[in-house]
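Below is one structure, written out as structure tokens, with a few remarks after it.
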């Protein structure tokens, strides 16, 4: 009795295992048969999770043109991506903050020559709010800093009221929502506040929310849901992910600017490069203090890092091909469509393409 | 049957068939495998968590590791305790309804439905909590703040539904099926003779349950509650999604500032952590491991004590 029931379970189990391994073989065969056009091989990269949605679009687009190529992007986070690249584990890395000077030196050791660092993903971060009956809200960076630092706790605070003439602000507690997970969005947002309003936001530019005030929510979608569900809330999130909510117009110079792809691309144009970097390094010091009212300063800038030279020709060709696609018009448009990023300006894209074109085998 | 054929009387050795040997070998192996896995986890957590203990305060962002882990442990215990406070009485009531009150053709489906709750993935509970329960709870919290705000638990300000109380309610719903189904089984095992005797002596149904079912089932219910508590302590995804965790230590259950729990904190912070911060997370995991162990031992101890009495 026992023996038969054991057999009854064993036989299908063995059959299932066999079936799985067979299909696995089948799938592998199919892949290798399909390598008739374009580049082939496997490219491993990883890094910032902010790029994940864009990377998915890029991979799909690139693999469509290059049937035999497989690109893997591991969203381990910016720090993990840079470490993986410097250790040689990743052929390329995505990072929300550009390489530090030490990392630039280390990258030169890893690659043999100076590494390439190009902006690939620029996304405006919107300050989102949920206030009944308020269609447009203008805030200065100082006030935003005070709100997230819990110094301003009521919506009808005079500091908010004086920026919003004629807007009927409710006498309600402000529910400021932040990311409860470590996040590049938080880092870029706090970096902006630190640069523009250091007295109102004294906590520096960090990935983990530093203070205990406000509501914490998991991920971009969590922040958006929290703001949407709770009246009188304010938060920050990728502008593309929060289209249904009100976007704060942020004060820049004399004017107030709402987040848009054009305004976000503009801030990169008016900003200057980080000094003392190799020619192949396009790291940008965002000019948060710009007074150009056509630029939206709260942006997330994510870079791709790669070597100029790779030991084997296959990897070199793959990296070159992939990065050319990503930075080019098609790739930037794919990211804009799928991840809501702001396409790079023609000048920046051309410069990046020039650096990428120099990638070669040793 | 085999012994019937042996003609020699007094042979003390039992016959061992290959099947017996294989089966006993397999089961012993399984037992040791569990021990080895558990020991492996404990060793891994200790080794990987140790650098967090010796790390300097600058690296930690807190004065020492205890200060770092304590708010998380506090949140874990508080959320689980409130969840048990909600779930246990509810589960015992449900179990009684199924075992003693409901007519048989209703009891079966109710029991099956409760068991079904256990099959729902925690991330689904998380979605339900964040999308449905939290917004619905906000008016309740505002009422609590207005009317019971003098109590430290309901101080507010109630600006969000994603509070510790909401998280505890979600945990309670998740622990409910475990406690219910074990309690139900235990209650159903109560000797019919005891029950009939109580009824024959003139006890009402409630008195009969109090006199026979509860004393008989006490240890089983306690074990069930401990298992439920284990689930509540270790729950990760639902809490990470539902709770607005900011790391304070507070008994204020309805504000947007809540202590996080260990498991949820690991899930939230791990993806972007490197270096010593990973060790810190693993050390907090070790803490949870030890706490869960202690809870289980306590549960077993209480349960075994109850058994001797019964």
>> Given a 10 angstrom Cα cut-off, can you work out which residue in B:93, B:29, B:149 is the most mobile in a GNM of chain B?
In response: B:29
> Which FRET efficiency, nearest 0.05, do residue B:185 and residue B:136 yield, Cβ-Cβ r, R0 22 Å?
Replying inline: 0.10
> In degrees, nearest 10, range 0 to 90: what is the angle between the Cα axis of helix A:346-357 and the longest Cα principal axis of chain A?
Replying inline: 30
>> Given R₀ = 25 Å, what would the calculated FRET efficiency be for residue A:161 paired with residue A:203, taking r from the Cβ atoms and rounding to 0.05?
In response: 0.45
> P(r) for region A:124-266: what percent of alpha-carbon pairs falls in each 5 Å bin, starting at zero?
Replying inline: 2, 11, 21, 27, 23, 13, 4, 0
> Expressed as a rounded percentage, what relative contact order does region B:55-309 have, with Cα pairs under 8 Å and six or more residues apart?
Replying inline: 29
>> Compute a Gaussian network model of chain B, connecting alpha carbons closer than 10 Å, and tell me which residue from B:64, B:279, B:147 fluctuates the most.
In response: B:147
> Working from the pairwise distances between different alpha carbons, so that the mean of 1/r is found and then inverted, what is region A:190-344's Kirkwood radius in Å?
Replying inline: 18.0
> Rounded, prolate or oblate: which fits region B:160-310 when a ≥ b ≥ c are the square roots of the eigenvalues of the alpha-carbon gyration tensor, with rounded for a/c under 1.5 and prolate only if a/b beats b/c?
Replying inline: prolate
>> Averaged across B:272-281, how many Cβ atoms of other chains sit within 10 Å of each residue's Cβ atom?
In response: 4
>> What does the C-alpha gyration tensor say about the overall shape of the protein assembly as shown? Classify as rounded when a/c is under 1.5, otherwise prolate if a/b is larger than b/c, or oblate.
In response: oblate
> Given labels modelled 7 Å from the Cα in the Cβ direction, how far is it in nm from residue B:300 to residue A:132?
Replying inline: 5.5
> What residue among A:277, A:59, A:179 shows peak mean-square fluctuation when chain A is described by a Gaussian network model with Cα springs under 10 Å?
Replying inline: A:277
>> Tell me the angle of helix A:101-111 to the major Cα principal axis of chain A, expressed in degrees between 0 and 90 and rounded to the nearest ten.
In response: 10
> Per-residue mean of other chain beta-carbon atoms within 10 angstrom of the beta-carbon, peptide B:239-250?
Replying inline: 5
>> If I model a spin label at residue B:34 and residue B:292 as a point 7 Å from the Cα along the Cα→Cβ vector, what separation in nanometres do I get?
In response: 1.5
> In what sequence, highest mean first, do A:242-249, B:16-23 appear when ranked by Cβ atoms within 10 angstrom?
Replying inline: A:242-249, B:16-23
> Label points 7 Å out from Cα along the Cβ direction at residue B:127 and residue B:50: separation in nm?
Replying inline: 4.4
> Against the longest principal axis of chain B, how steep is helix B:164-188, in degrees 0 to 90 to the nearest 10, with axes from Cα atoms?
Replying inline: 10
>> What FRET efficiency comes out for residue B:85 versus residue A:211 if R0 is 45 angstrom and r is the Cβ-Cβ distance? Round to the nearest 0.05.
In response: 0.90
> Taking N as the number of residues in region B:55-309, what value does Rg over Cα atoms divided by 2.2 N^0.38 Å take?
Replying inline: 1.15
> With the Cα gyration tensor of chain A giving a ≥ b ≥ c as the square roots of its eigenvalues, does the rule (a/c under 1.5 for rounded; else a/b larger than b/c for prolate; else oblate) give rounded, prolate or oblate?
Replying inline: oblate
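Inside 10 Å of the C-beta atoms of B:133-144, what's the mean count of C-beta atoms belonging to other chains?
Across the residues of B:133-144, the mean count of other-chain Cβ atoms within 10 Å is 1.
Since every read-out is calculated from the coordinates, none of them should be taken as a lab result. Since this is a predicted model, take the numbers as computed values, not measurements. Positions of Cβ are backbone-derived with ideal geometry, glycine not excepted, and every protein chain shown enters the neighbour counts.
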